[in-house]
1. What's the number of the condition G85 fails, among (1) closer than 23 Å to Q134 by Cα; (2) open to solvent by less than 20 Å² (accessible area, probe 1.4 Å)?
2. Checking the structure you have, find out if any residue of region 233-254 is in contact (Cβ under 8 Å) with a residue 60 or more places away in the chain and either out of contact with any His (no Cβ under 7 Å at 6 or more places or on another chain) or open to solvent by 70 Å² or more (accessible area, probe 1.4 Å) (or both).
3. Within region 132-161, restricting attention to residues that are closer than 18 Å to L171 by Cα and of a type in the set (F, W, Y), which residue is least open to solvent (accessible area, probe 1.4 Å)?
4. Report every pair of residues separated by at least 6 positions or lying on different chains whose Cβ atoms are under 9 Å apart, first residue within region 48-73 and open to solvent by less than 60 Å² (accessible area, probe 1.4 Å), second among the basic types (K, R).
5. So, of the residues in region 263-288 that are touching a residue at least 40 places away in the same chain (Cβ under 8 Å) and over 18 Å from A223 (Cβ atoms), which turns out to be surrounded by the most Cβ atoms within 10 Å (Cβ to Cβ)?
6. Of everything in region 200-231 that's part of a helix (DSSP H, G or I) and open to solvent by less than 30 Å² (accessible area, probe 1.4 Å), which residue is modelled with the lowest pLDDT?
7. Answer yes or no: is there a residue in region 57-80 that is closer than 19 Å to I146 by Cα and either in contact with a helix residue (DSSP H, G or I) (Cβ under 8 Å, 6 or more places away or on another chain) or in a strand (DSSP E or B) (or both).
8. List, please: which pairs have Cβ atoms under 8 Å, are six or more places apart or on different chains, and start with a residue in region 116-131 that is over 13 Å from K155 (Cβ atoms) and open to solvent by 30 Å² or more (accessible area, probe 1.4 Å) and end with one that is assigned to a loop (DSSP other than H, G, I, E, B) and acidic (D, E)?
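The values are calculated or read from the model by the stated rules, or taken from the named source; none is laboratory data. Keep in mind it's a predicted model, so treat the numbers as computed, not measured. In this analysis, Cβ positions are derived from the backbone assuming ideal geometry, glycine residues included, and neighbour counts consider all displayed protein chains. Ligands, DNA and RNA are stripped out before the accessible areas are found, and what is left, the full protein with its side chains, is counted by its heavy atoms. Shrake-Rupley method; radii C 1.70, N 1.55, O 1.52, S 1.80 Å.
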Amino acid sequence: MPNKFHRFVFVLFDGFSNMVLASALEPLRAANGLPNGPAINWEICTIDGAPVTSSSGLTITPQASLPDTVTKADIDYLVVVSGYGMRDHTRPKIRARLQNAAHHARNIIGLDTAAWILGCCHMLSGKTATIHWQELDQFQEQFPDISVRSDRFIKDGRMITSGGASTVMELMLHILAQQFGSAVAFDVSNLFVYDAENQYHLTRGADRLQGAGGDDLRRAVGAMMSRIETPIPLKDIAKQAGCSLRSLDRVFQDNLQISPGKYYQMLRLGRARDLARGTDFALSTIALKTGFTSSATLSRAFSKTFGTTIRAIRKN
């Protein structure tokens, strides 16, 4: 996993959807918190540094203005988020600041209705793009130089566009898989969808792995997640997954590049970290709730995996 932080800069406009923002941010937060997960940071800004109000009336105070944010370092993903009223956000000053920021960004993402703003900035000319389904027809009429499609999200060069909230998390999982591997995207999707097997058949959720043995893998992970407090032998996991122990090991190595035993331990350690952060349980209680035989055993495994101690996490 690369040590360099991947930098996401979010530019919010009045009328943005809380759900769209959360669907974009939470997968990054989850990936960043995985054991041995990728190094990601994100910043929230507005064009001029002033607070913005979402479509439901929630006011967000940004960390900085877009010009101040741009001067810090290059941007891996410039993420523009708008909702209702996107036509009001196309003034020359706004366009100029977005165009300047785009020069410092490796990729530009337009979420929800932000493709309209990017179109006004001439960033999508000659490219294929999408937008929230309610605006598709008018978007096509307004920007005849853009090839408009109704895909859930579209990447054309360094320009990425997505529709409403239901597509945004799918896009973010795709980006995580592309940048950091399918294992990261799979782990993040499982954090948001507990019933992975059911969600798979609904074509949602933990559906990032399409290779051989994907169904066995999903069943195995589901079995592991249901037995965090009372771990069961891997042979029983394999039985619940419908495969042999040897096949289980091969499926994990092929898809996630990790042994099933190590993956199972990482799930339990992730739960231990959540309990450490969110409760005042004694270390012995956390060990009990995550299937470790003693506090000392948990502490050793935790320090080896996370490079820190439970006590240090609680201090922070």
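1. Every condition holds for G85 apart from (2).
2. no
3. F153
4. These pairs meet every condition: A64/K72; S65/R97; L66/R97; P67/R97; V70/R97; A73/R7.
5. Here the answer is R273.
6. Only one residue tops the list, namely G214.
7. yes
8. Short answer, once both residue conditions are applied: S125/D145; G126/D145.
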